[in-house]
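J.: Before I ask anything, here is the structure I am working with.
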Amino acid sequence: MTFPAYQVPDPPPGLESVHTLISRALEAISNQQFSDAVSLFNTLTASFPSQPDLWVQLGLSYEGAGLLAPAEEAMNRAISLKSDNIPSLLAINRFRVKHSEHLTTDRPRFLVGGGAAANRGQSYWSWSFMRLGDVFVYGVADLIESVDWYIAGPDFQQILAELPQGWIPDWVIHFTPEYNRIPNGIDESPYPTAVLIQDIRQPGNHLLRLLPRFDRVGLFDTGNLPLFNALSGGRTVYTPGNGLNVFNIRPEAGEDLYDVVFLGNLDASRTDSSYTARDQLAKKLISLRSRYKVLVSSNLGDGGEHGKNYLHALNSTKIGICHTMVQKIHPSLCEIMGCGKLAFVNVENREALSAFQDKVDLVAYTEETLESLLDYYLAHPEERERIASNGREKIISSFSLPDQLTRAVETLNRSLRSDPRNLRVHSSDSARFLLDRGMTNFYTHAIDLAYQDFSAVIDRFGTTYPEAYNNRGVILWLQRKPLEATKQLTQATLLKPNYLPPLLNLYALNVFSGAKIDKQPYNIIHALIEKKDEWTLEDFPIYLSPERLSAVAERQVPVPGRFHELYCRATSDWANEVPSSSEKLKQFFLGYLAYLRYLELKLEKTASMPLLREASELFQNDPELLLELADRYRQSGQTNEAKAALVKALDERPLFAAALAMLREIEG
């Protein structure tokens, strides 16, 4: 990260060169001649009272001289000027945290962690919190590419031990847990805790398991709010979080190299609906290259999606396109508008269109209107630039990242005041707390800790909770102890005979381990299938995850590409009381059973193609299963059927390299 350069003001007539004064003052600080530094910076702040950096340096000079009261006054003056200069923010924050017991001016205090920066404290999230109050950063995430979920997060008690004496946080805030590990023991925090979740393509179980560990859950989008609220006992709130990164995003002078730029995650391995829609948008834009200068890219290098090349591309276009299926003000929208370019956003993004006005601050498009709108605004530069200017002015004035986080904290405070008793749902000695904490540890790969939690449930509460036996059986399986795992899973089925997850797990364990199928779970599962019209939603507890089971055994068994998506979508619909959700869950589990049965027969060298077709259809034409189906057709000489399956796979995932390669091979 490059800090913004300090802009030295021009000296007024008759005053000694500002550069010389600053050099002398900084040299005095380095030589610990703080009285001389105070005198020099007093001269500078008198001449340039609106320069926050000078007030910060004056405060540091007073601090060095041991004069905390005038140092605090100088720092407060710098804060009032709302500097976006990062060194200033860091210096002010360091001063206030270090001398917190001796300060007279109160500001909110935040113990924050998480984010997506590699170095402790170096994150625009923590800088934005410093605009709101005093911040102690307990560490930030690994870069997302290098997150190792098998390593436990930091110890929360150790974090508390590092706090300055008397420094009591108003909030412990952990943000973007989807990219990093949460501290172990944060559920025992003596201070109010909140987790802020930014990026939910689908509500993965490792996020859902966080809910009981925090007093409040803040979502940056409203689409998943009902689900999270239902599962957290009403402790989830919408907290606006994405906004313009005022530290990094700004217009650059230069030539418009492109007419249209679309930069986004075009991950070819993803199969959920948002990525399919992005693929279609990318194809549409690429088809316009004969008429316009179009740039479509997933990663421009040099810092990835938010590096120097990314910002240069946005600053070199006339129109930038944001496409998202989530309900939030998307970061790419903020960046396009922050660079002073006309932003196009898809009409499905209701949150963006509630904050910004169509054809005033940005332009809303549909798949049908995209091309005509591009034609119009590229042909009318004055109107395009007017809307772009309005958008930039509005996002700077009202939707910067500090503005949005201010709203988020206000929302958390209101929520806590409205029901101060509604804190963490379960006491630390309750069975439900232990089960939920165990699942959090399980989904973040702290397997030993998860096993301890499930064992504690069994030790304290006996046979009351069959899911504890089921989950402990899963862990024993992961530890390559199939016999012990079978005993635990069998115990769960004995305690609750029609309890579907341990039955599925027993069946899958037999299939994946290559052992002869246990006829009891096999027969029970097929009896349940026969009675599928009698299934209820209670058969599908959300904190059980059969999809993880199909990924064990050192990833020897492929996982249907849409398994996770379908499971999350169905359970989300269940929480939102969508009428068809029960059928979706049945379809999901039937597809899973069909695929398990196919794998079982495959191990016996008698794999059934009808079962594979059935699994593919039940999983909504999953591309991975279609590829496997095409390979089976090819092996049996059914070339046309193989080509049809591959074409269907490419329809589902346009950038599916394996399907393209096989299709080319078949066509010679």
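The values are calculated or read from the model by the stated rules, or taken from the named source; none is laboratory data. Everything quoted here is computed from the prediction, not taken from an experiment. Positions of Cβ are generated from backbone atoms using ideal geometry, with glycine treated the same way; all protein chains shown enter the neighbour counts. Just the protein is used for accessible areas: all its heavy atoms, side chains included, with ligands, DNA and RNA removed. Shrake-Rupley method; radii C 1.70, N 1.55, O 1.52, S 1.80 Å.
J.: Quick one: 3J(HN,Hα) in Hz for region 628-643, Karplus 6.51/-1.76/1.60 with θ = phi - 60°, rounded, Gly and Pro as x.
T.: Values per residue, Gly and Pro as x: 5, 4, 4, 5, 5, 4, 4, 4, 8, x, 8, 5, 4, 5, 5, 5 Hz.
J.: What shape does region 329-391 have by the C-alpha gyration tensor, where a ≥ b ≥ c are the square roots of the eigenvalues, rounded means a/c under 1.5, and otherwise prolate means a/b greater than b/c and oblate the rest?
T.: oblate
J.: Report, by chain and number, residues whose modeled amide H sits under 5 Å from the one on Ser400, excluding near sequence neighbours (fewer than 5 apart, same chain).
T.: The list, which skips near neighbours in sequence, is Leu244.
J.: In addition: Roughly speaking, what is the stretch gain from Tyr376 to Leu68, that is 0.36 nm per residue apart minus the C-alpha to C-alpha distance, in nm to one decimal? Write out the running numbers ahead of the final one.
T.: Details: separation 308, 0.36 × 308 = 110.88 nm, distance 6.03 nm.
Taking 0.36 nm per residue and subtracting the Cα distance, the gain is 104.8 nm.
J.: Taking the simple approach of a point 7 Å from Cα along Cα-to-Cβ for both Leu257 and Asp106, what is their distance in nm?
T.: So the two model labels end up 5.3 nm from each other.
J.: Whole-Hz ³J(HN,Hα) for each residue in region 361-367, computed from phi via Karplus 6.51 cos²θ - 1.76 cosθ + 1.60 with θ = phi - 60°, x for glycine and proline: what do you get?
T.: 9, 7, 10, 8, 10, 10, 4
J.: Then there's this: With every protein chain left in place and a probe of 1.4 Å, what is the accessible surface of Phe247, to the nearest 10 Å²?
T.: Counting only protein heavy atoms, the figure is 10 Å².
J.: At 0.36 nm per residue, and after removing the present C-alpha to C-alpha distance, how many nm does the segment from Ala658 to Lys293 gain when stretched out fully?
T.: Full extension from Ala658 to Lys293 adds 128.4 nm.
J.: Continuing with the same structure: What is the gain in length, in nm to one decimal, between Glu162 and Lys283 on full extension, counting 0.36 nm per residue of separation less the C-alpha to C-alpha distance?
T.: Values: separation 121, 0.36 × 121 = 43.56 nm, distance 5.21 nm.
Stretched out fully, the Glu162 to Lys283 stretch lengthens by 38.3 nm.
J.: What do you reckon, how do Tyr469, Tyr451 stack up by accessible area (1.4 Å probe), largest on top? Don't skip to the end; give the middle numbers.
T.: Working: Tyr469 25, Tyr451 65 Å².
Descending accessible area places them as Tyr451, Tyr469.
J.: Where does the charge balance sit around Glu367 when Lys and Arg score +1, Asp and Glu -1, over other residues with C-beta under 13 Å from its C-beta?
T.: Net local charge, Glu367 excluded: -1.
J.: Probe 1.4 Å, all protein chains in place: accessible area of Asp448 in Å², nearest 10?
T.: Rounded to the nearest 10, the figure is 100 Å².
J.: Sticking with this structure for a sec: Short version: ³J(HN,Hα) in whole Hz for each residue of region 41-54, in order, from phi by Karplus 6.51 cos²θ - 1.76 cosθ + 1.60 (θ = phi - 60°), x for Gly and Pro, what are they?
T.: 6, 4, 4, 5, 5, 5, 7, 10, x, 9, 9, x, 4, 5
J.: Separate question: Apply the a/c threshold of 1.5 to the C-alpha gyration tensor of region 604-668 and tell me whether it is rounded, prolate or oblate.
T.: On the way: a/c = 2.10, a/b = 1.17, b/c = 1.79.
Judged from the Cα gyration tensor, region 604-668 comes out oblate (a/c at least 1.5, b/c at or above a/b).
J.: Turning to a different aspect of this structure: Quick one: which residues, 5 or more positions from Thr193 or on another chain, have an amide H under 5 Å from its amide H? H modelled 1.01 Å from N in the peptide plane, none for Pro or chain starts.
T.: Answer set, sorted by chain and number: Val172, Asp215, Arg216.
J.: Gln635 to Lys481: FRET efficiency via 1/(1 + (r/R0)^6), r the Cβ-Cβ distance, R0 45 Å, to the nearest 0.05?
T.: Calculated value: 0.80.
J.: With every protein chain left in place and a probe of 1.4 Å, what is the accessible surface of Glu101, to the nearest 10 Å²?
T.: Taking all protein chains as shown, Glu101 has close to 110 Å².
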